[in-house]
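The values are calculated or read from the model by the stated rules, or taken from the named source; none is laboratory data. For clarity, every value in this text was computed on a predicted model and none was experimentally measured. Neighbour counts are summed over all protein chains in view; Cβ atoms, including those assigned to glycine, are modelled from backbone coordinates with ideal geometry. Surface areas here come from the heavy atoms of the whole protein model, side chains and all, with no ligands, DNA or RNA. Shrake-Rupley method; radii C 1.70, N 1.55, O 1.52, S 1.80 Å.
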Amino acid sequence: MTNYGLVVPTYQPILDAGRTAPELVGTAVSAEELGLDSVWVGDTLARAPLDALTVLAAFAARTHRVTLGTAALLPALRNPILTANQLLSLDLLSEGRLTVAVGAGFAGRSEPEFAFAGVPWERRRARLDDIVALWRAAWRGESAFHGSVLHHDSLPVFPAPARAGGPPVWL
C-alpha cells in the first residue's frame, strides 16, 4: 500500500506571497479531505518560519485522521524537556497521530541556526541521540536521565502518551 503526504510550507516566502497562517491550516484540512495520509511541517530558524509545533497543534485541532509530522524537527534548537512535554501534548491532542522526524542539521547550512539558539554545533549528533533518549525516558515515566551530553537528575512526571512509549521518532 502506498501512502501519500503533503509538506505544508510554513516559511516566510509563503507568507510574503500573501498566504496566511489560517490558510495553511486549511491546506492541512483539505489534504485530509482529499484522502492524503499525512501532513508535515518543517522546522528551521533560517527562513523565518512559523513554529512547527504550534502549527501542528492547529492541524490537530482541525483534522481527525491524517498523521501529523515534523519534516524534520531540529531538537537541539529547543529545550529537550519542554519539547518532550510539547510533543506529548501534541500526541494527546491528536489522539496518537503524531510522528516526529528529527535531524541533527546540515553542515554548511544549519550552523547559523545553532548559533541563534545558543547551542554548540560540535557533538550535535550525540546531542540528538541524547534528546531522543531523554524524550523516551520522560514518556516512560523515568525519574532521571544521564546521557553522553545531557544529564538530568530528575525529570518531570508527564501523563501517559496516547501510544505506549510515545509518538514514533524517525531519525
(Q) What are the pairs with Cβ atoms under 7 angstrom where one residue, in segment 10-28, is under 22 Å from L73 (Cα atoms) and the other, located anywhere, is open to solvent by less than 80 Å² (accessible area, probe 1.4 Å) and of a type in the set (S, T, Y)? Sequence gap at least six, or different chains. (A) L24/T10; A28/T63
Q.
Among the residues of segment 69-87, are any open to solvent by less than 10 Å² (accessible area, probe 1.4 Å) and either over 10 Å from the mean Cα position of the chain (by Cα) or more than 30 Å from R125 (Cβ to Cβ) (or both)?
A. no
Q: Scan segment 63-92 for residues that are at pLDDT 95 or above and under 19 Å from L24 (Cα atoms) and jot them down.
A: T63, H64, R65, V66, T67, L68, G69, T70, L73, L90
(Q) Condition first: surrounded by 14 or more Cβ atoms within 10 Å (Cβ to Cβ) and either charged (D, E, K, R) or closer than 24 Å to W170 by Cα (or both). Now tell me which residues in segment 8-23 satisfy that. (A) V8, P9, T10, Y11, R19
(Q) Looking only at residues that are among the polar types (S, T, N, Q) and crowded, with 18+ Cβ neighbours inside 10 Å in segment 28-59, which one is modelled with the lowest pLDDT? (A) T44
Q.
For segment 16-63, give me each residue that is of a type in the set (A, V, I, L, M, F, W, C), in contact with a helix residue (DSSP H, G or I) (Cβ under 7 Å, 6 or more places away or on another chain) and part of a loop (DSSP other than H, G, I, E, B).
A. L45, A46, A48, L50
Q. Hey, any hits in segment 56-68 for a residue that's more than 25 Å from A164 (Cα to Cα), out of contact with any Leu (no Cβ under 7 Å at 6 or more places or on another chain) and basic (K, R)?
A. no
Q: Identify all residues within segment 115-165 that are assigned to a helix (DSSP H, G or I), open to solvent by less than 50 Å² (accessible area, probe 1.4 Å) and modelled with pLDDT under 95; write none if there are none.
A: A117
Q) Can we say T2 is among the hydroxyl-bearing types (S, T, Y) and either assigned to a helix (DSSP H, G or I) or surrounded by 13 or more Cβ atoms within 10 Å (Cβ to Cβ) (or both)? A) no
(Q) Can you report the number of residues in segment 26-85 which are among the acidic types (D, E) and within 13 Å of V100 (Cβ to Cβ)? (A) 1
Q: Out of the residues in segment 103-114 that are in a loop (DSSP other than H, G, I, E, B) and either open to solvent by 30 Å² or more (accessible area, probe 1.4 Å) or out of contact with any helix residue (DSSP H, G or I) (no Cβ under 7 Å at 6 or more places or on another chain) (or both), state the one that is nearest to V169 (Cα to Cα).
A: G103
